[in-house]
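The values are calculated or read from the model by the stated rules, or taken from the named source; none is laboratory data. From a predicted model like this one, the values you see are computed outputs, not experimental measurements. Here Cβ is always computed from backbone atoms with ideal geometry, including for glycine, and neighbour counts include all displayed protein chains. All accessible areas refer to the heavy atoms of the entire protein, side chains included, with ligands and DNA or RNA removed. Shrake-Rupley method; radii C 1.70, N 1.55, O 1.52, S 1.80 Å.
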Amino acid sequence: MCVAFVEFQVQQVHKQTQRGIERGTVESEMMKWLDEWQPAFLMVVIEFALATVNVLLKKVVDDGMDHLVLITYRTLFAAVFLAPMAYFWERKTRPKLTSRILCHLFISAMLGATVTQYGFLLGLQNTSATFTCAFINMVPVLTFLMALPFGLEEVDIKSMSGSIKVFGTVVSVGGAMVLTLYKGMPITNISDSRETITSIHTTNHLNWLNPNNKTERWTIGTIALIFGSVFWCSWFLIQAKIGKMYPCQYSSTTIMSLFGAIQSALLSFATNQHYSSWVLKGKIQTITVLYSGIVGTGLSYVGMAYCVKKRGPVFTAAFSPLIQIVVAIFDFSILHEQLHLGSVLGSILVILGLYILLWGKSKEAKACVTKQVTDVEDFGEIDQATKV
């Protein structure tokens with residue numbers, strides 16, 4: 001009787017142990033899955049947030065809000081919002097802030113906040129929200145091309161994955177050329193009232209950037225978007241380096257936003273003597289400044305810095321096309337923008353080339369993992385043979 005009772009207790013303990021092991025295995029697999037897909041889910045949320053920011057920015061820019069004033073408020077609110085989080089959450093893990101790190105953060109602010117945002121706002125004002133987002137689709141491929149000289153990306157043209165990456169790059173660049181050089185006929189019947197709005201409401205101090213001729217405005221907007229895209233790609237590259245030097249997303253984004261606010265304010269005071277432009281007019285401008293600062297710059301830049309550190313600059317930039325899909329919906333239903341044939345064809349080619357490039361990167365990653373496993377197995381066999 002006692003023996004049977006003891007055996008029963010042993011069986012119960014064994015079952016509980018097995019259930020604990022299985023539960024631990026399931027939890028381990030769940031954590032592994034979350035760690036693998038967390039950057040992707042985070043980037044999807046960020047792109048939706050940035051798409052909303054683009055729609056709001058288009059509205060206030062068309063209503064005549066000064067670009068540099070908007071950037072100053074946006075980055076300032078981001079810095080104020082993130083400062084308490086950076087102080088309390090990272091005070092024990094934050095490394096020493098050296099002059100070298102500050103220099104990198106200053107350049108990061110200039111590339112990712114001041115110059116890039118000004119270029120995109122200027123392009124947004126003189127073209128359309130959908131066309132602007134189509135240029136954002138070029139960012140992953142441009143980031144890939146700019147990462148090659150710095151050794152952040154590699155291409156083996158002789159391998160299949162390398163050839164796929166090159167082909168995807170060529171297709172995407174071709175789409176970018178279509179976007180830039182071919183506007184095409186309008187394929188929607190929505191009337192474009194931007195000329196009237198711009199001529200009545202625009203108060204931007206750089207008047208030569210706001211010509212009345214529609215073709216001139218579209219050309220200036222396109223050039224601004226090209227420069228904005230290049231600087232935005234540069235931000236991803238320098239952020240990859242900052243992530244290694246100063247791995248504190250909240251602190252680095254706070255300092256970067258503060259630098260961006262200072263740079264934009266100084267540029268605005270130097271070029272615009274109309275201090276009335278600093279007064280926010282109406283609820284829409286206040287909401288846009290708060291939302292774009294807290295969400296569009298503050299939380300989004302923290303998330304992107306985290307994803308760059310975890311998965312690299314090209315992966316983080318690869319989610320940019322999601323912005324265009326969301327903005328296109330708002331563009332026709334709310335902003336009543338015209339859609340042109342060149343924008344559609346160029347966007348299709350850019351997105352197609354982008355995902356061909358990403359397909360090549362995934363094949364390259366699988367080949368790299370297979371090679372590492374093979375090398376480990378070969379090393380084990382050699383080690384065993386040496387012992388024998």
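Filtering segment 90-130 to residues that are of a type in the set (S, T, N, Q) and in contact (Cβ under 8 Å) with a residue 24 or more places away in the chain leaves T93, S108, T114, T116, Q117, Q125, N126, T127, S128, T130.
Restricting attention to segment 155-171, does a residue exist that is part of a helix (DSSP H, G or I), closer than 21 Å to Q285 by Cβ and open to solvent by less than 30 Å² (accessible area, probe 1.4 Å)? Before the answer, list the steps.
Of segment 155-171, the ones part of a helix (DSSP H, G or I) are 160-171.
Those still in the list that are closer than 21 Å to Q285 by Cβ too: none.
Checked against the condition, which is being part of a helix (DSSP H, G or I), closer than 21 Å to Q285 by Cβ and open to solvent by less than 30 Å² (accessible area, probe 1.4 Å), segment 155-171 yields no hits at all.
Is segment 147-154 home to any residue that is modelled with pLDDT of 70 or more, closer than 23 Å to L50 by Cβ and not in a loop (DSSP other than H, G, I, E, B)? Looking for residues that are modelled with pLDDT of 70 or more, closer than 23 Å to L50 by Cβ and not in a loop (DSSP other than H, G, I, E, B), one finds at least one in segment 147-154, hence yes. For segment 248-272, the set of residues classified as of a type outside the set (V, I, T) and open to solvent by 60 Å² or more (accessible area, probe 1.4 Å) consists of L258, L266, L267, F269, A270, listed by residue number. Return the residue satisfying two criteria in turn: it lies in segment 352-374 and is open to solvent by 50 Å² or more (accessible area, probe 1.4 Å) and closer than 30 Å to V55 by Cβ, and of such residues it is modelled with the highest pLDDT. Top of the filtered list is L352.
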